[in-house]
Structures are given as structure tokens and as C-alpha cells.
Amino acid sequence: DLPPRLLPYRFTVENYQRVGRLPLMATRTLNSLIVMIVLITGAILIASAAAYVFRVGKSKKLKYAFWALMAPIFVTRVTIFISQFVIVNKLGLHGLPAVIIMPMFWPVGIFLFRNYYATVPDSFLESAWMDGASEFRSFSSIMLPLSKPMIGMGVVMLGMSAWGDYIWQNVNLQVAKTQTLLVALVNSTLDIIELEYIGYDLAVGTILFLPYIILFALSGRYMVRGLTAGGLRG
């Protein structure tokens, strides 16, 4: 109804039903889940493994390598957007692989994991090494189990980033069956930017906002603990 009111004349789910009738909804929802799960898992494993190397390594070259990896933190995403697009094309990555693999490099995560690992006493690792544990065993059996706050923080940060990265996903996902739910829903609202469809736009916004609430509800306390612990030491 026009003009729009803060409280509607009647409550209805008609706009949500319209969203559900968009084509390929099941496929696009599955694509979104694949992107989030694979990206979160890969980025956390890569960041934590790299942080472990920087934690136990004593070489000065590793220190230089660490700060070199931190350089992207000081650069905005927009600045390197074209470079990233060129890289994925040179590597022959298209569609979902391009959307997943490029964001797996997570310098903030390496920094926070490395600082968190610095709080773990050396005696934990030394005991494992004396018992014949390999570096991989020390990492997987000691460091990762102690990293629950950092992992929870990573799930929230990476999950929100993967779910809301519209520009990168829209550029790389041009084929309808490869698109994520975010791309499909946002593009559907851009096609009908008219005041009479404001109810549909608000329904789309509500659906897109729900994953943020779910992610933070499930892992929010770990995120706070992880950010606090990971930022204590440099």
C-alpha cells in the first residue's frame, strides 16, 4: 500500500513466498552453503597452520615473511580487486572456485592465530617433541584443540564475509546455476527498484540478514574471546 507505513495494514508472508518462487532457489542456496563451508574450513586451516610455523620458527626470514603476509591488511579490498580478478583468470579459475579460493588467504587470521599461539607455553610443545611427536602431530593434537576461541572467531568473521561478499561473487558468478543466494536475491531487487515493491525488498533484506544473527548466536562468545586473546601479543 502507498504511502508505506511503519506498521502494515495487515501482516502477510506474501513477499517471502515471492522470494521462494525465484528460479533455482534450491541450487543457489546449496551454492551459498558450499561457499561458506569450504571457505571457512580452508581459510581457518591455512591461517592456523601458517601461524603455527611462525610460532615455532626462529629464523629471521620467517619474521620478514610474516610481515610481508600482513601487508594486505593495510590495503583496502577495492584497491586489489582488479588484481585478484586478473589472478583468478590467469589461474583458470571460474565460477565457484574463484569465489572460494581467492578469499582463503586470510592475513588477519594468521595474525590473530599467531598471537594466540604465542600465549601457549613452550613446555606443551617441548613435551610433545620429547615424546616423538612430529610437527604435524603437535599442530593437530595440541595447537588446534587449544584454538577453539580462535576457530569460533574465524567462523563468524569468515562466515559473514563469505555471505556478504556481493561484488566479488557477482563478478565471478555470471551463470545462473552457479550463483549464490546473495547474488540472486540482490539482483532480483535491483531489477524492480520501485516504491510499490518495498515489501519485497524488505523481505529480501530480512532473509539476507538472518545468517548473520545465526552465526553470531552460535559463535559470538568465541569471537569475543578469540579477538581478545589474539590481540594480546604482537
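The values are calculated or read from the model by the stated rules, or taken from the named source; none is laboratory data. Note that this is a predicted model, so its numbers are computed, not measured. As a convention, Cβ positions derive from the backbone with ideal geometry for all residues, glycine included, and neighbour counts pool all protein chains shown. These area figures cover heavy atoms from the full protein model, side chains too; ligands, DNA and RNA do not enter into them. Shrake-Rupley method; radii C 1.70, N 1.55, O 1.52, S 1.80 Å.
So that you can scan it fast, the table gives a plain yes or no per residue for (1) buried (at least 16 other Cβ atoms within 10 Å of the Cβ); (2) out of contact with any Lys or Arg (no Cβ under 8 Å at 6 or more places or on another chain); (3) closer than 29 Å to ARG21 by Cβ:
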position: ILE100; (1), (2), (3): yes, yes, yes
position: PHE111; (1), (2), (3): yes, yes, no
position: GLU126; (1), (2), (3): no, yes, no
position: PRO149; (1), (2), (3): yes, no, no
position: LEU158; (1), (2), (3): yes, yes, no
position: VAL171; (1), (2), (3): no, yes, yes
position: ALA176; (1), (2), (3): no, yes, yes
**Message:** I need every pair where a residue in the range 21-42 that is of a type in the set (Ser, Thr, Tyr) has its Cβ under 7 Å from the Cβ of a residue that is part of a helix (DSSP H, G or I) and surrounded by fewer than 13 Cβ atoms within 10 Å (Cβ to Cβ), sequence separation at least 6 or different chains.
**Reply:** THR27/LYS177
**Request:** Tell me which residues, restricted to the range 1-45, are at pLDDT 90 or above, among the hydrophobic types (A, V, I, L, M, F, W, C) and crowded, with 16+ Cβ neighbours inside 10 Å.
**Result:** VAL35, MET36, VAL38, LEU39, ILE40, ALA43, ILE44
**Item:** Evaluation of THR119 against (1) in a helix (DSSP H, G or I); (2) open to solvent by 30 Å² or more (accessible area, probe 1.4 Å); (3) in contact (Cβ under 8 Å) with a residue 40 or more places away in the chain; (4) under 24 Å from ALA43 (Cα atoms) (one fails), failing number
**Value:** (1)
**Asked** Hey, among the residues in the range 49-61 that are open to solvent by 50 Å² or more (accessible area, probe 1.4 Å) and assigned to a helix (DSSP H, G or I), which one's nearest to TRP106 (Cα to Cα)?
**Response** VAL53
**Item:** Pairs, first under 19 Å from VAL38 (Cβ atoms) in the range 174-191, second among the aliphatic types (A, V, I, L, M) and buried (at least 18 other Cβ atoms within 10 Å of the Cβ), C-beta under 8 Å, six or more apart
**Value:** THR178/LEU96; GLN179/LEU173; THR180/VAL35; THR180/VAL99; THR180/LEU173; VAL183/LEU173
**Request:** Answer yes or no: is there a residue in the range 93-110 that is aromatic (Phe, Trp, Tyr) and part of a helix (DSSP H, G or I).
**Result:** no
**Request:** Could you list, in sequence order, all residues of the range 66-86 that are in a helix (DSSP H, G or I) and either in contact with a Ser or Thr (Cβ under 7 Å, 6 or more places away or on another chain) or open to solvent by 80 Å² or more (accessible area, probe 1.4 Å) (or both)?
**Result:** TRP67, PHE74, ARG77, VAL78, THR79, ILE82
**Request:** Spot the failing condition for SER188; the list is (1) open to solvent by 40 Å² or more (accessible area, probe 1.4 Å); (2) of a type outside the set (A, V, I, L, M, F, W, C); (3) more than 20 Å from LEU218 (Cβ to Cβ), and only one is missed.
**Result:** (1)
**Fill in**
Across the range 78-105, the tally of residues that are touching a residue at least 60 places away in the same chain (Cβ under 8 Å) and not hydrophobic (A, V, I, L, M, F, W, C) stands at 4
